[in-house]
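What follows draws every value from the coordinates through simple rules; no lab data is involved. Quick caveat, the model's predicted, so the values are computed rather than measured. Neighbour counts run over all protein chains shown; Cβ positions are idealised from the backbone, glycine included.
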Amino acid sequence: MTWWLRTHRVFWLAAACVIGSLASSLLGTASFLFPSLEGGSPFGSVPLFAVLPLAISITLSTFLAEADQPIYRSVARARLRYDWTLSAAAVAVTAVVSLPLLALTLHGPVETVRNLIGFVGLQWLLAPLLSYRYQAAAPVLYVFISAVFGRAAGAQGTVGAWAWPLAPSSEASFWILPSLLGVVGSAVALTRGPAALRSA
Amino acid sequence: MRPIIPWRSRSAFLLFFPAAAFVVLYGVSYVDLTTISGYWTAVGAGSAIFLFISCALASVSGAIEGARARRGKLRRIGVSRPYTHVLFVQLWPSVLVAGIVQGLAFLMLAQDTWGAPGGVPILVPVAFAAIIFFHTAIGYALGRLLPLPAGIPVALLLSYSWLGFTWSVNYFPLRYLAGLALSGCCRVDAQLDHHATLAALVFNLGAGIAVLLLTAMTLPRLTRPITLLAPVAGVGLLAVSAVVGLTVAQSLGPYPSQPRDQAQLQCDDGQPSICLYPELDYRNDPAVTIRQAAANLENIGVPVPPRIIASGQASTPDTLSVALRPMMSPSAIIYSFSTAFLQPRLVNNCPGTGNADLKARTLAAATIINWLIIRSSAGIVDQPPSTRYPEGAAPAQQLLTLSDAAQLDWYTHNLAALTDCSLTPTSPPSS
């Protein structure tokens with residue numbers, strides 16, 4: 001078990017979760033955006049609570065991928081359940097750090113947790129196709145696409161339900177997809193697991 | 001045999017298809033061409049909007065090449081070729097394909113502009129190339145330095161964040177380093193300020209080379225000072241290009257434009273003389289409509305300045321500045337022409353007179369605009385263009401029931417009253 005904790009760099013993952021959730025919860029409502037042609041209303045506004053949890057999900061897949069050596073695949077341990085637990089623990093640590101910050105700021109903590117659940121769920125879901133090595137690109141691409149196409153025209157236009165990473169937590173409909181991803185992703189992660197790389 | 005275009009072995013070529021689809025989808029759903037069509041400078045600079053797509057491609061494919069070099073242990077094997085050659089072989093597809101995507105974006109924006117006189121300032125595509133090169137270098141460095149699973153997503157994230165973040169910052173010179181702010185250029189009466197393109201060019205080229213220097217093949221070691229040369233030179237170049245770029249962009253505001261050179265105006269010798277930029281009359285001539293509208297007003301005695309120019313600046317007593325863009329409809333031209341009489345300011349907020357007075361002045365201004373539009377559009381369009389000042393419609397109709405002389409008297413007094421605090425605006429008298 002000690003070896004497992006070391007190969008998965010649990011300490012560094014916990015550190016990333018703490019730093020990421022602090023930053024994302026406290027700075028979350030700040031956003032960056034893009035100009036549109038000739039001074040019209042800007043587009044592609046991305047709040048930081050959509051971006052900073054990506055750092056956690058990228059760190060998580062990096063450590064999972066680095067530990068996923070051929071020798072690890074041949075152990076008798078319930079490998080998939082252990083990997084799932086590591087991801088779930090990252091989400092849990094983030095939630096434990098973020099949610100108390102609701103006392104300080106109204107927006108940010110809940111969105112951070114929701115987005116991380118969505119991102120990790122998406123990674124779980126796509127790992128059988130992409131492998132641990134490439135799965136981290138999926139949530140980033142998802143945020144990229146929802147930032148550009150997820151809003152009705154105008155910077156503060158309404159956010160589509162599918163573009164949940166950008167939305168404030170005010171409405172329950174933005175929880176539908178991330179929680180679905182979390183549940184379905186868990187099932188996939190616990191049964192199929194990541195693709196093996198051809199040349200490991 | 002290796003194909004001439006390495007489709008399968010180089011990621012950039014495969015990424016071209018989603019990137020091109022992205023450009024087309026984005027262009028079709030969000031870009032409004034009316035403000036830029038007909039003016040090559042605006043089309044060229046405006047295509048900066050699409051940089052976030054081409055730079056994403058450059059950065060991601062750079063990261064994939066970098067990850068490949070990392071897996072191949074480029075630092076540890078001996079390579080006899082010069083490092084520039086190694087880099088060129090690795091990175092040319094990324095820069096080339098991202099450039100093609102940017103060119104595609106330009107073609108999308110240019111679809112209504114073919115045939116217009118003039119051209120794109122040459123520095124604009126050069127600056128775009130430099131920006132793409134910088135993003136390729138960043139992606140490559142990330143692919144080389146980060147673990148394989150992190151390289152690609154971080155490259156995509158960083159590329160997008162750098163472009164978006166800099167645009168959200170209110171320190172304007174920083175925006176010009178990223179280059180996206182070029183898209184704020186230009187209406188036809190403005191031209192691109194070359195400080196903007198120059199800043200983007202200097203910074204991105206310098207920083208790109210600097211980042212590549214930092215990925216040099218030899219591991220730096222203190223015991224061998226020669227190996228420290230590349231990292232020190234890289235950091236130095238990065239700092240210098242940032243400082244130079246910021247200095248060049250120092251004079252710029254939120255928009256990279258400056259008033260256009262008036263020497264490019266082409267005046268005719270009619271009465272009044274109408275001066276237009278060559279882009280304005282290559283397809284349909286707004287001068288005909290303007291002359292007719294001016295004649296309509298002069299017939300009832302409204303004084304029209306002897307010189308009418310295409311400009312967004314304020315009108316003066318002897319020059320009427322009409323805001324025009326290429327391919328305007330007659331009704332839009334009449335609207336611009338009529339509102340030009342009320343520049344530079346619609347109304348003055350006179351000190352110490354309170355809200356009611358300002359309201360009366362605003363209503364008078366709205367009435368004047370509606371009245372000018374109706375009178376000047378006679379015989380040109382069947383339906384006068386609708387205004388942004390609907391509250392003036394009813395008083396303007398009231399004014400139209402009077403005799404021409406009475407209308408003119410009311411107009412003369414109230415136009416002066418808008419900005420002269422010693423006069424009081426009046427409502428149109430009932431006949």
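Charge dipole of chain B (Cα centre as origin; +1 on each Lys and Arg Cβ, -1 on each Asp and Glu Cβ, all else neutral): 3180 debye, rounded to the nearest 20. Across region B:177-194, rounded Karplus estimates of 3J(HN,Hα) from the backbone phi angles (6.51 cos²θ - 1.76 cosθ + 1.60, θ = phi - 60°) give 5, 6, x, 5, 5, 4, 5, x, 9, 8, 7, 5, 8, 10, 10, 5, 7, 6 Hz, Gly and Pro being marked x. Summed over qualifying helices (DSSP H, 4 residues or more, each -39500 (n - 2.57)) and divided by its residue number, chain B shows a 222 nm mean residue ellipticity of -18500 deg cm²/dmol.
Sorted from greatest to least, the principal axis extents spanned by the alpha carbons of region B:333-431 come out as 43, 30, 19 Å. In region B:263-419, taking the dipole from charged Cβ atoms about the Cα centre, the farthest positive-side position among B:380, B:338, B:297 is held by B:338. Taking all Cα pairs closer than 8 Å and separated by 6 or more residues, the relative contact order of region B:11-260 comes to 26 percent. Ordering B:85, A:107 by the number of other Cβ atoms within 10 Å of each residue's own Cβ, fewest first, gives B:85, A:107. Centroid-to-centroid, using Cα positions, region B:130-172 and region B:67-114 are 15 Å apart. Ranking B:185, B:271, A:162 by how far each Cα lies toward the positive end of the dipole of the protein assembly as shown (charges on Cβ) leaves A:162 at the top.
Each Lys and Arg Cβ is given +1 and each Asp and Glu Cβ -1; about its Cα centre, region A:77-178 then shows a dipole of about 360 debye. Between amide H atoms placed 1.01 Å from N, distances below 5 Å from residue B:190 occur with B:260, all of them 5 or more places distant or on a separate chain. Remark on residue A:195: its backbone amide H falls under 5 Å from those of A:129, A:130, A:131, A:132, a criterion applied only to residues 5 or more positions apart or on other chains, H modelled at 1.01 Å from N. With a sphere of radius 13 Å drawn around the Cβ of residue A:46, what net charge do the other residues whose Cβ falls strictly inside it have (Lys, Arg +1; Asp, Glu -1)? Net local charge, residue A:46 excluded: 0. Over all Cα atoms in region B:263-419, the spread is summed up by Rg and Dmax: 15.7, 50 Å.
Report the one residue of B:16, B:143, B:324 whose Cα lies farthest in the direction of the positive end of the charge dipole of chain B (charges on C-beta: Lys and Arg +1, Asp and Glu -1; origin at the Cα centre). Value computed over the given set: B:143.
Between the alpha-carbon centres of region B:374-389 and region A:159-199 there is a gap of 56 Å.
Amide H to amide H distances under 5 Å link residue B:257 with B:193, where only residues 5 or more positions off or on other chains count and H is placed in the peptide plane. For residue A:106 and residue A:19, the difference between the fully extended length at 0.36 nm per residue and the C-alpha to C-alpha distance is 29.4 nm. In a reduced charge model with +1 at each Lys and Arg Cβ and -1 at each Asp and Glu Cβ, chain A shows a dipole moment near 720 debye about its Cα centre. Each of residue A:5 and residue B:89 was given a label point 7 Å from its Cα along the Cα-to-Cβ line. The distance between the two points is 4.7 nm.
Taking the DSSP bridge list for the protein assembly as shown and keeping only pairs wholly inside it, about 60 percent are antiparallel. Inter-part distance, region B:183-218 to region B:276-304, computed on C-alpha centroids, equals 41 Å. With a Förster radius of 35 Å applied to the beta-carbon distance between residue B:427 and residue B:271, the computed FRET efficiency rounds to 0.50.
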